[in-house]
């Protein structure tokens, strides 16, 4: 069994990961409405990854003799007006999730919950990759200055992720 404190932060993290799925689905919907198929595909792929992340923690909680409690997920609050905004939102959200993971790890250290520390180490490494990827695409988009041909090229490149 997990301590109450450990359980509470991990259970909250399941819900944060599911919220991430919603954020990426909303970003995919905006992208699809703009006929940016590559952006939409990339965001849908991210949404699927977030659900997998939620299930990793979900299963960990259950494997440790606890029950998962899901909470409601609010509509994502995004202000997207351009393809650059899509990746700004993605990076900002990943930074929020990184902070949440670090908060969980802090509790795991304080509670001396070694198995949670091991499990969370995977997420710490994953978040490094998630932020770096979003930042890389954002940097490209910002340097290209929203020119239609550049957006078309980035869209085409992003579509390769799901291929």
Legend entry - Value of Rg to Rh for the chain (Rh from inverse mean 1/r over Cα pairs, i.e. Kirkwood): 1.03
Legend entry - residue 114 paired with residue 129, simple spin-label distance in nm, labels 7 Å along Cα-to-beta-carbon: 2.6 nm
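Please compute the contact order of the chain in relative form: average sequence separation of alpha-carbon pairs under 8 Å and at least six residues apart, divided by the residue count, as a percent. Write out the running numbers ahead of the final one.
Details: 172 pairs, mean separation 52.3, N = 163.
Reported relative contact order: 32 percent.
What shape does the range 13-69 take by its C-alpha gyration tensor, where a ≥ b ≥ c are the square roots of the eigenvalues and a/c under 1.5 counts as rounded, a/b above b/c as prolate, and the rest as oblate? Before the final figure, lay out the partial values.
Values: a/c = 6.14, a/b = 3.22, b/c = 1.91.
Prolate shape, in that a/c is at least 1.5 and a/b is the bigger ratio.
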Inset, instruction - Kindly express, to the nearest 10 degrees and within the range 0 to 90, the angle between helix 37-63's C-alpha long axis and the longest C-alpha principal axis of the chain. - result: 0 degrees
Legend entry - On Cα atoms only, tilt of 4-33 relative to the major axis of the chain in degrees: 10 degrees
Legend entry - residue 147/residue 99 FRET efficiency (R0 45 Å; Cβ-Cβ; nearest 0.05): 0.85
Legend entry - Degrees separating the helix 114-144 axis from the principal Cα axis of the chain, which is the longest one: 10 degrees
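The numbers here are math on the coordinates, done by the rules we state, and not lab data. As the structure is a prediction and not an experimental result, all values here were calculated from the model. Because the Cβ atoms are built from the backbone with ideal geometry, glycine has one as well, and the counts that use them run over all protein chains shown.
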